[in-house]
Each structure stands twice: as structure tokens, then as C-alpha cells.
Amino acid sequence: MRYITPRKAAQGLGSARSGTQDHWFLTVTSCALVLLTPAFFLVIGRAIGLSQADLLGYFGRPYPALITALFIVVGMMHFIKGTRIMIDDYFQNTARKVAIIVSVVFGWAVIAAALFALARMTLVPLAI
Amino acid sequence: MADVNRGNRPLSPHLQVYRLPMAAVTSILTRITGQALVAGILLLVWWLVAAVSGPRGFAAADWVVRSWIGFIVLTGSAWALWFHTLAGIRHLFYDAGQLLRIEEAERASWAIIIGSVVLTLISVVLFFFG
């Protein structure tokens, strides 16, 4: 038995040094997503069913392109942080590390793919 | 003598006979819908990338998006997104110290469930007839 107070035993084991930042990040992005979600529904609802040529023209316009880009970037960063909190709750040790790495890589891959597609439609006129 | 008070004791919740409160059901559904949205975002981003990759790639992605598989994934994602959004708004209220009493949390849970179904129906109707 160690004769130390509970406070001494807990000292140095780590407070939630970055946990509050994660929570605040989720709060800020969730507020943005409350506004972006209805806009994204309207944008994507009009896009589905278009021919490829019409689709390229549609996302070449600023409003659909910006709403889609913002929704996917903010949404996936919200996903990365939210998933991190879930992983911290359900996984330990190596499984936790692997799960965090997979979720972060997946999140950024989705962002990169979506931004590439939107940039291609917005910046480069495609001849098809 | 040991069972004098039989039938009149407070019972501790047992795992197999415990009915989750609605606030607990909607809380865990927030996480589940958040993760399930991966399917919808993958389908839509694949479709966006296919649109700039060429006619054959786009034909494949567009066929999936407009097939019954796409309908199920997108309608499910629409519900998941509305549910997650409403539950997230409730979390903002929680953070502000609101809706924390048991009856309020219960009522807010039903509002989230009913609201998400109604918003999904409106989204689907607007999509097909708008």
C-alpha cells in the first residue's frame, strides 16, 4: 500500500488538456453544419439526376460548389473529431491508435477527393 | 424472515429487463447515425469524382446513385443527417444548461425522432417533386 493522497496519485496522469479543445471544435463545426446541412440538401437534391455535362456546369457555379466544398470539409473535420471521442470511449492501447489513424486518414482522403472533383469542375472547363 | 418485504422493495435495474430511457436511445443513435453517414458521403464523393473521371466511370456511379441501392443509402443518409443535426442542436442546448430535466430530455428525444422523420419525408418529397 502506498501512503499517498488521492490527489498525489492523480497528479501528472494528465488532465483533459486537449479534450476541451475537441469539444469546442465540435461545437463550432456543429453550428456551421446546422446552416450548411439544409443548403447542402437543396444543392445535392438538384444535382442528382443531371447528365454528366449538366453536372459539370452545375458544380462550376459558385453557390453549389462552395456549399458542397464547405459541407464536406467542415463535415469531415467534424467526423474526425467526433470519431476520436468515440474511439477514446470504446478502444484501448494499440486498437485505439490504429482506429484514430484510420479515421483521420479516411477523413482527409474524402476531403481531398471531393475538393479535387470540385476544383476540376470549377477551374478547368472539361470538353466531353 | 428474510423475505418480509417481498414485492415491495426497490429493484435495481437489471441489464436484461432494463428499458433504456428515450434520452439514452437518442444519445446512442447520435453516434450511430454519425458513423453511418460514412456510407452516404462515400457514395456522393465517389459520384462527384466519377463525374470528372470520364463517361464510363460516371455511368457506373450514376447508375448506383439512381438505383434502388442508391435510393436506400441516400434516403437512409438523409434521415441519419437530419437526426444527427437535431440531436446536435439538442447538445448545444445541453451545453447551455437547458433541457436537462428528465421530462424535458424525454420530450426533446421524441421531438428529435419525429422531427427527423418529418424532415426526411419533406426532403424526399422535395427531391422527387421539387
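The values are calculated or read from the model by the stated rules, or taken from the named source; none is laboratory data. Remember, it's a predicted structure, so these values are computed and weren't measured experimentally. Note that each Cβ is placed from the backbone with ideal geometry, even for glycine, and that neighbours are counted across all protein chains shown. When the accessible area is computed, the model is the full protein with side chains, heavy atoms only, and any ligands, DNA or RNA have been set aside. Shrake-Rupley method; radii C 1.70, N 1.55, O 1.52, S 1.80 Å.
When you check A:T68 against the structure, is it part of a helix (DSSP H, G or I) and either touching a residue at least 40 places away in the same chain (Cβ under 8 Å) or not hydroxyl-bearing (S, T, Y) (or both), yes or no?
Details: part of a helix (DSSP H, G or I): yes; either touching a residue at least 40 places away in the same chain (Cβ under 8 Å) or not hydroxyl-bearing (S, T, Y) (or both): yes.
Answer is yes for this residue.
Across region B:88-111, what is the total count of residues that are part of a helix (DSSP H, G or I) and either open to solvent by 70 Å² or more (accessible area, probe 1.4 Å) or at the interface with chain A (Cβ under 10 Å from one of its Cβ atoms) (or both)? Reasoning before the result, please.
Step one: filter region B:88-111 for residues part of a helix (DSSP H, G or I), giving B:88-95, B:102-111.
Retained after the next criterion (residues that are either open to solvent by 70 Å² or more (accessible area, probe 1.4 Å) or at the interface with chain A (Cβ under 10 Å from one of its Cβ atoms) (or both)): B:88-89, B:91-93, B:95, B:102-103, B:107, B:110.
Qualifying residue count, region B:88-111: 10.
What residue, of A:V43, A:V102, A:V28, is more than 17 Å from the chain's Cα centre (by Cα) and at pLDDT 95 or above?
The unique qualifying residue is A:V43.
Consider A:T94 carefully, then state whether it is more than 10 Å from chain B (Cβ to nearest Cβ), polar (S, T, N, Q) and either under 28 Å from B:F83 (Cα atoms) or outside any loop (DSSP other than H, G, I, E, B) (or both). Working first, answer last.
Numbers: more than 10 Å from chain B (Cβ to nearest Cβ): yes; polar (S, T, N, Q): yes; either under 28 Å from B:F83 (Cα atoms) or outside any loop (DSSP other than H, G, I, E, B) (or both): yes.
Answer is yes for this residue.
Taking B:D62 and the conditions (1) at pLDDT below 95; (2) more than 20 Å from A:F71 (Cα to Cα); (3) facing chain A (nearest Cβ under 9 Å), which numbered condition does it fall short on, given that it satisfies the others?
(1)
Is there a residue in region A:11-24 that is part of a helix (DSSP H, G or I) and modelled with pLDDT of 90 or more? Even if it seems obvious, please write down each step before you answer.
Kept after step one, since they are part of a helix (DSSP H, G or I), are these residues of region A:11-24: A:19-24.
Pick out the ones that are also modelled with pLDDT of 90 or more and you get A:24.
Yes; the residues of region A:11-24 include at least one that is part of a helix (DSSP H, G or I) and modelled with pLDDT of 90 or more.
Any residue at all in region A:48-55 that is more than 8 Å from chain B (Cβ to nearest Cβ) and assigned to a helix (DSSP H, G or I)?
To start, the set of residues in region A:48-55 that are more than 8 Å from chain B (Cβ to nearest Cβ) comprises A:50-51, A:53-54.
Next, only the ones that are assigned to a helix (DSSP H, G or I) stay: A:53-54.
Within region A:48-55 (the criterion being more than 8 Å from chain B (Cβ to nearest Cβ) and assigned to a helix (DSSP H, G or I)), the answer is yes, since at least one residue qualifies.
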